[in-house]
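Report on the structure given below.
What follows draws every value from the coordinates through simple rules; no lab data is involved. The shown structure was predicted, so the numbers you read here are calculated from the model rather than taken from an experiment. Every residue, glycine among them, receives a Cβ derived from its backbone with ideal geometry; neighbour counts consider all protein chains shown.
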């Protein structure tokens, strides 16, 4: 069984400030972990994924995430927020068993203030 | 380019009507999924299919039906039994195995009028 918790359904930052979106997971098998971004009235787009290679994963648009097994976390960060980063972000986990489906967190809406 | 296409982008349904949402992928993915999204409620799984001619109910299947007659197609029918169908519907696909995630379509917004 697996689950994902995203702490904070809404996060607000100023333009240029650090972005930190939190994700904790549980999984009975070594996990694959994903971050997706969703802009209004669009589908989800993959930002980055962890697949048991490097623990620090770099994604698109300057985002990165670090897999910390001891903390069961996969937090998403970006050093400097842009107005265009305003969107909803979803963390997801998948066990590495064949056929395992993704389990999504509840999402975090990121607001960027000018 | 490979991808997943949902149509139409916007759909309006009268009370008591069935409507069908289209989802087509040319990624050669084995698995396909339907999600419903309401404001503030994240993604809720309606149905999924991991192989042609087979599909499984998700968490909120009541009032919905699907078919998987072809690998590339997974249409969703919203029946009149679905009492609150106004929502944003997302289709996704995946290899079903390995480290890959899901590829999502751009969504269909259904409104009851």
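Here are the numbers for the structure shown:
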read-out	value
Criterion (under 11 Å from the mean Cα position of the chain (by Cα), under 24 Å from residue B:39 (Cβ atoms) and away from chain B (no Cβ under 11 Å)) met by exactly one of A:21, A:47	A:21
Residue that is surrounded by the fewest Cβ atoms within 10 Å (Cβ to Cβ), among those in region A:96-114 that are within 11 Å of chain B (Cβ to nearest Cβ) and assigned to a strand (DSSP E or B)	A:109
Considering residues of region A:45-81 that are without any contact (Cβ under 8 Å) to a residue 12 or more places away in the chain, over 24 Å from residue B:92 (Cβ atoms) and touching a strand residue (DSSP E or B) at 6+ places or on another chain (Cβ under 8 Å) only, the residue surrounded by the fewest Cβ atoms within 10 Å (Cβ to Cβ)	A:56
Sole residue being surrounded by 13 or more Cβ atoms within 10 Å (Cβ to Cβ) and out of contact with any strand residue (DSSP E or B) (no Cβ under 7 Å at 6 or more places or on another chain), chosen from B:80, B:49	B:80
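Let's see how each residue does on (1) away from every other protein chain (no Cβ under 14 Å); (2) touching a residue at least 12 places away in the same chain (Cβ under 8 Å); (3) over 10 Å from the mean Cα position of the chain (by Cα):
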residue: B:21; (1), (2), (3): no, yes, no
residue: B:28; (1), (2), (3): yes, yes, yes
residue: B:42; (1), (2), (3): no, no, yes
residue: B:53; (1), (2), (3): yes, yes, yes
residue: B:76; (1), (2), (3): yes, yes, no
residue: B:92; (1), (2), (3): no, yes, no
residue: B:100; (1), (2), (3): no, no, yes
